[in-house]
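S.K.: To start, I am sharing the structure in question, which I have written as structure tokens.
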Amino acid sequence: MSRAGMSFKVAIQDAEQLLSRFDNEKNTATNVNSEALKRAGLVIAMAAWETYVKDRFREEIDSWLASVNGSLLGNFVLRKVDEDLKRFFNPNVDKTKQLFKSYFEIDITSGWCWDNYQVSQAKTALNALISKRGDAAHIATTSPNQLHTVKRDELDKAIRFLKGLVKATENVEIVKPI
């Protein structure tokens, strides 16, 4: 497993803990609005995915450039990488695919197949989660009668999906060993 994969395993636990805290607070007689925990959980889960993609990409670039490290060519490519990663947010299917395609000439999304997910289903689910994350982060729940942006089972499913997506991505060979 890549270092990025190991870091993801740690980072996704924050979202799991928020979901657990939501469950605990929901079953107590307090006036605390625990709905924010679900929104925060989704935002954190998606941040764990974004960090995974960036870290995995960076690991592969570092491996790819090992032989030219410190050279003019290596430094030029690393500057370009840094610029691209600074603009890399909300890694939906197209952005993730393009990042790896432009540097490594592979479609990283072609390996997104596991359990009950085929590639097309995984792509659809990821894009839906990116959109839902935007809603959770930018649309406030202002009324007690307003529908909740993130339902409990949606967050649970999102966490399981992202774990599966990372596991599938880990199986994609990016830089071919020499």
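The values are calculated or read from the model by the stated rules, or taken from the named source; none is laboratory data. Quick caveat: nothing in here was measured; it's all calculated off a predicted structure. Positions of Cβ are generated from backbone atoms using ideal geometry, with glycine treated the same way; all protein chains shown enter the neighbour counts.
S.K.: Quick check on segment 49-83: of everything there that is of a type in the set (Asp, Glu) and within 20 Å of Thr169 (Cα to Cα), which residue is nearest to the chain's Cα centre (by Cα)? Before you say what the answer is, go through the steps one by one.
M.R.: Taking segment 49-83 as the starting set, the residues that turn out to be of a type in the set (Asp, Glu) are 50, 55, 59-60, 62, 82-83.
Now restrict to residues that are within 20 Å of Thr169 (Cα to Cα): 50, 55, 59-60, 62.
On the way: Glu50: 4, Asp55: 11, Glu59: 16, Glu60: 17, Asp62: 20 Å.
So, considering only residues that are of a type in the set (Asp, Glu) and within 20 Å of Thr169 (Cα to Cα), the one nearest to the chain's Cα centre (by Cα) is Glu50.
S.K.: Let me ask something else about it. Pick out the one residue from Val150, Val166 that is closer than 16 Å to Ala45 by Cβ and more than 15 Å from the chain's Cα centre (by Cα).
M.R.: Details: Val166 fails: more than 15 Å from the chain's Cα centre (by Cα).
Testing whether each residue is closer than 16 Å to Ala45 by Cβ and more than 15 Å from the chain's Cα centre (by Cα) leaves just Val150.
S.K.: Any idea how many residues of segment 61-76 are within 30 Å of Ser120 (Cβ to Cβ) and either without any contact (Cβ under 8 Å) to a residue 12 or more places away in the chain or in contact with a helix residue (DSSP H, G or I) (Cβ under 7 Å, 6 or more places away or on another chain) (or both)?
M.R.: Adding up the residues that qualify gives 1.
S.K.: Condition test on Arg79, is it closer than 20 Å to Leu126 by Cβ and charged (D, E, K, R)? Spell out the reasoning first.
M.R.: On the way: closer than 20 Å to Leu126 by Cβ: no; charged (D, E, K, R): yes.
The answer is no for Arg79.
S.K.: List the number of the failed condition for Ala158; all other conditions in (1) closer than 23 Å to Asp115 by Cβ; (2) at pLDDT below 75 hold.
M.R.: (2)
S.K.: Okay, next question. Evaluate the following for Gln13: is it in a helix (DSSP H, G or I) and farther than 30 Å from Lys151 by Cα? Walk me through it before giving the result.
M.R.: Details: in a helix (DSSP H, G or I): yes; farther than 30 Å from Lys151 by Cα: no.
Criteria not met by Gln13.
S.K.: If I ask for residues that are of a type in the set (A, V, I, L, M, F, W, C) and either part of a loop (DSSP other than H, G, I, E, B) or closer than 11 Å to Lys54 by Cα (or both), which ones from segment 72-106 would you list? Full working, then the answer.
M.R.: Pass one, segment 72-106, residues of a type in the set (A, V, I, L, M, F, W, C): 72-73, 76-78, 81, 85, 88-89, 93, 99-100, 104, 106.
Passing the criteria: Val81, Leu85, Phe88, Phe89, Leu99, Phe100, Ile106.
S.K.: Among the residues in segment 149-157, are any touching a residue at least 40 places away in the same chain (Cβ under 8 Å), part of a helix (DSSP H, G or I) and in contact with a Gly (Cβ under 6 Å, 6 or more places away or on another chain)?
M.R.: Of segment 149-157, the ones touching a residue at least 40 places away in the same chain (Cβ under 8 Å) are 149-152, 154-156.
Among the residues that remain, those that are also part of a helix (DSSP H, G or I) are: 152, 154-156.
Still in the list and also in contact with a Gly (Cβ under 6 Å, 6 or more places away or on another chain): 155.
Yes, segment 149-157 contains a residue that is touching a residue at least 40 places away in the same chain (Cβ under 8 Å), part of a helix (DSSP H, G or I) and in contact with a Gly (Cβ under 6 Å, 6 or more places away or on another chain).
S.K.: For Lys38, work out the one condition from (1) among the basic types (Lys, Arg); (2) touching a residue at least 40 places away in the same chain (Cβ under 8 Å); (3) surrounded by fewer than 17 Cβ atoms within 10 Å (Cβ to Cβ) it doesn't fulfil.
M.R.: Unmet for Lys38, out of (1) among the basic types (Lys, Arg); (2) touching a residue at least 40 places away in the same chain (Cβ under 8 Å); (3) surrounded by fewer than 17 Cβ atoms within 10 Å (Cβ to Cβ): (3).
S.K.: I want to confirm something. Restricting to segment 108-122 and keeping residues that are surrounded by 15 or more Cβ atoms within 10 Å (Cβ to Cβ) and without any contact (Cβ under 8 Å) to a residue 24 or more places away in the chain, which single residue is farthest from Met46 (Cα to Cα)?
M.R.: Once the filter is applied, the top-ranked residue is Val119.
S.K.: Which residue is surrounded by the most Cβ atoms within 10 Å (Cβ to Cβ), if the candidates are limited to segment 1-17 and must be of a type in the set (A, V, I, L, M) and touching a residue at least 60 places away in the same chain (Cβ under 8 Å)? Even if it seems obvious, please write down each step before you answer.
M.R.: Initially, segment 1-17 is screened for residues of a type in the set (A, V, I, L, M), giving 1, 4, 6, 10-12, 15.
Filter once more, so that each one left must be touching a residue at least 60 places away in the same chain (Cβ under 8 Å): 1, 12, 15.
Numbers: Met1: 10, Ile12: 21, Ala15: 25.
Looking at the filtered set, the residue picked out is Ala15.
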